[in-house]
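Each remark here refers to the structure printed beneath this line.
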Amino acid sequence: MNAVVTSRTDRFVQQACALPAMPEVANKLLRSFDRDDLSLNELASLIGRDQTLSARVLRLANSARYSPSRSVTSLNEAAMTLGTRTLRDLALSACMVGMFPSIPGFDRLAFWRTTLATAAYAQPLARFFEEDEDAAYLGGLMLRTGQLLMLMVDPDMTQRIGRLSLEIDSRISFENSLLGCSHPEITAELARHWRFPNTLVTAFGAASHPMEIRPFSRMGAALRLAGVIAEARERELDPIEALQSTHPDLIQHLKLDLDWLLAHLPDHRLAVASVDDLMH
């Protein structure tokens with residue numbers, strides 16, 4: 001990310017110093033994206049080092065979205081039932097939610113519902129673009145966290161932006177106009193601070209203006225489009241119409257097959273079904 005963008009995001013990213021340090025478990029989970037040999041037992045053992053995280057992951061593993069045929073009572077069972085990728089996604093989801101404090105006047109439930117949906121919809125988009133689906137899920141979880149830093153630094157203006165953002169995918173434009181930067185750009189700097197994989201740091205920055213940032217980032221495009229779909233479905237609007245009205249040039253550039261995408265989008269109720277378990 002260039003120095004101009006970094007200077008615009010500085011006052012928000014400095015707030016990251018007030019956040020708890022990323023748990024050791026989360027750091028190791030992030031490092032595991034570069035490993036193809038991570039075993040189920042190793043992953044379960046890693047998560048098991050943090051009792052609070054373990055309890056939250058088990059609640060998630062037993063939620064409606066994952067609906068095991070029988071109750072999952074241990075991390076080893078969860079690993080066997082869900083597989084390495086899904087269990088890691090659950091653990092990272094739990095870590096992300098635990099990192100951010102409650103903010104007065106902020107609809108935490110609505111935020112994390114849309115965040116979970118964005119993560120779920122980023123995966124089929126990544127599959128179509130031949131990008132890493134696990135990284136896309138993590139990217140979807142992180143994409144909107146810049147909004148939380150905006151709220152912590154300038155709550156009045158951030159809430160005003162929320163009220164102004166009546167049209168789907170209009171928030172980034174208002175953020176740029178009123179705060180001088182967008183939440184994906186802040187997320188990119190936060191991810192750099194937390195030593196996320198470089199591909200995701202780049203993707204977050206690119207998600208702010210996917211057709212303008214060079215080199216072009218398919219992962220960044222996937223995250224931006226996933227956010228549009230999540231927002232549309234939360235408003236009970238047609239996600240394909242929302243994509244066509246907000247990003248026709250991006251869809252054409254990517255040669256995105258909208259019929260294929262619609263057929264592969266997960267059910268929205270299942271995408272957000274675990275939000276209560278995630279937050280408690």
Burial ranking of peptide ranges 214-225, 153-164, 168-179 (average Cβ count within 10 Å, highest at the top) = 214-225, 168-179, 153-164
Cα Rg, Dmax (largest Cα-Cα span) when computed across the chain, Å = 17.9, 53
Most fluctuating of ALA55, ALA226, ALA120 in the GNM of the chain (C-alpha, under 10 Å) is ALA55
Report the residues of the range 169-210 in range of a label on SER245: point 7 Å along Cα→C-beta, backbone N strictly under 13 Å from it.
-> 169-170
Taking the highest mean first, how do the peptides 71-80, 241-250 order by number of other beta carbon atoms within 10 angstrom per residue?
-> 71-80, 241-250
Calculate the length of the line joining the C-alpha centroid of the range 56-81 to that of the range 137-151, in whole Å.
-> 26 Å
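We did not get these values from a lab; they are worked out from the coordinates using the rules stated. Note that the structure is a prediction, hence the values are computed from the model and not measured. For neighbour counting, all protein chains shown are included, and Cβ atoms are generated from backbone atoms with ideal geometry for every residue, glycine included.
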